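Asker: One structure coming up, written as structure tokens, with questions to follow.
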Amino acid sequence: MLSPHRLLLLQELRRRGSVHAVSEALSFSPSTVSQQLKVLETEAGARLIERVGRGVRLTREGEILAEHAPRILGEIERAEAAVAAVRAVAEGDVRVAALQTASLAFLPRVIRMLESTTPHPRMLVSRIAPDRALGALAAREFDIVLGEEYPGLPVSRQKGIDVVPLLDDPLVLVAPEDVDPPHTPADVGARMPWVMEPVGSDARAWCLGLCRELGVEPEVQFESDDLLVQMRLVETGNAVAVLPRLLLDSERPRLRRIDLPGRPVRRVFAAHRSGSQLAPAIDAVLTAFMRAIAD
């Protein structure tokens, strides 16, 4: 019989392209990954992987099995969730990967909501880079991911992953409180250095595009994927930035907010594996986040 655990390794090998990448993503040693894949070959009765230079690739049989893996793993998860739903008890651990801004704005309220009932699920919360979010969810590192999409840069959807929009969060140009007028986006953006997220992120790509639409070639003096660091650099008079209103409203820094043309928004979403919401604990956490945002 095929092992779900080993099917997941095969699925991730197809997605990530190397044993080393799979081992890093799933916190196994490369030798363990290779050994488990050899066991899967025995279970399947076929050669699934072949060497190519210093790396490996899936054989035709491996490709076929990897194509079936998401559906097999999804059906197992739905079956487990359906069994858990019979008891209708929302308890156990739920692994959540959350954006920094969502954590700051909503986590305390969500925790209070969950702890108001007995029994209740326990959230294990981690921060995750947005570009890793859905891949980590598919790899079963997490049960729920709170992610983001910037205007014109939708996150690539994956089979077996359900994405639920939670909030359209306005993006705002922020400058030091005492910045000299005029306070138009183009003028402020041209006069001061910027802090942005690192190169390669959707947030950085979108912000650079915005600047060029405004006719500004920004001087990016600071880089940080920590939005609290960005906010402090602006608040202390060292830079300007584009930050989500969710962060500004939760932290209430002393700085000047400047509306951008067209009032762009980023979309905050929750994602989970299809069918997993049937499990009472996962459903309870999703519902708590939706209630916190609605409030």
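Asker: Picking from Arg245, Arg252, Arg267, which residue would you name as being surrounded by fewer than 21 Cβ atoms within 10 Å (Cβ to Cβ), more than 21 Å from Thr184 (Cβ to Cβ) and within 24 Å of the chain's Cα centre (by Cα)?
Answerer: Arg267
Asker: Specify the residue that is farthest from Leu153 (Cα to Cα); the eligible residues are those in segment 225-242 that are surrounded by fewer than 17 Cβ atoms within 10 Å (Cβ to Cβ) and out of contact with any strand residue (DSSP E or B) (no Cβ under 6 Å at 6 or more places or on another chain).
Answerer: My answer is Thr236.
Asker: Another question about this same structure. Within segment 129-242, considering only helices (runs of 4 or more DSSP H) that don't extend past its boundaries, which have at least 3 residues that are closer than 29 Å to Ala288 by Cβ?
Answerer: 133-138, 227-235
Asker: Residues of segment 131-154 being surrounded by 20 or more Cβ atoms within 10 Å (Cβ to Cβ) and either hydroxyl-bearing (Ser, Thr, Tyr) or touching an Asp or Glu at 6+ places or on another chain (Cβ under 7 Å) (or both), which ones?
Answerer: Hit for segment 131-154 is Tyr150, nothing else.
Asker: So, restricting to strands (runs of 3 or more DSSP E) that lie completely within segment 1-109, which ones have at least 2 residues that are without any contact (Cβ under 8 Å) to a residue 40 or more places away in the chain and not polar (S, T, N, Q)?
Answerer: In segment 1-109, 49-52, 55-58 are the strands (runs of 3 or more DSSP E) which contain 2 or more residues that are without any contact (Cβ under 8 Å) to a residue 40 or more places away in the chain and not polar (S, T, N, Q).
Asker: Yes or no: Leu173 in the same structural domain as Ser201 (by TED's automatic domain parsing) and of a type outside the set (S, T, N, Q)?
Answerer: Taking the combined requirement at face value, the residue satisfies it.
Asker: Select, from Arg6, Arg16, the only residue that is within 21 Å of Gly135 (Cα to Cα), at pLDDT 85 or above, of a type outside the set (A, V, I, L, M, F, W, C) and surrounded by 17 or more Cβ atoms within 10 Å (Cβ to Cβ).
Answerer: Just a single option satisfies the conditions, and that option is Arg6.
Asker: From Leu99, Leu73, Leu107, which residue is closer than 30 Å to Arg263 by Cα, in contact with a Pro (Cβ under 9 Å, 6 or more places away or on another chain) and not polar (S, T, N, Q)?
Answerer: Matching residue, one of Leu99, Leu73, Leu107: Leu99.
Asker: Which of the numbered conditions does Pro108 fail, given that it passes all the others? Conditions: (1) within 21 Å of Gly135 (Cα to Cα); (2) out of contact with any Leu (no Cβ under 6 Å at 6 or more places or on another chain).
Answerer: (1)
The values are calculated or read from the model by the stated rules, or taken from the named source; none is laboratory data. For clarity, every value in this text was computed on a predicted model and none was experimentally measured. Here Cβ is always computed from backbone atoms with ideal geometry, including for glycine, and neighbour counts include all displayed protein chains.
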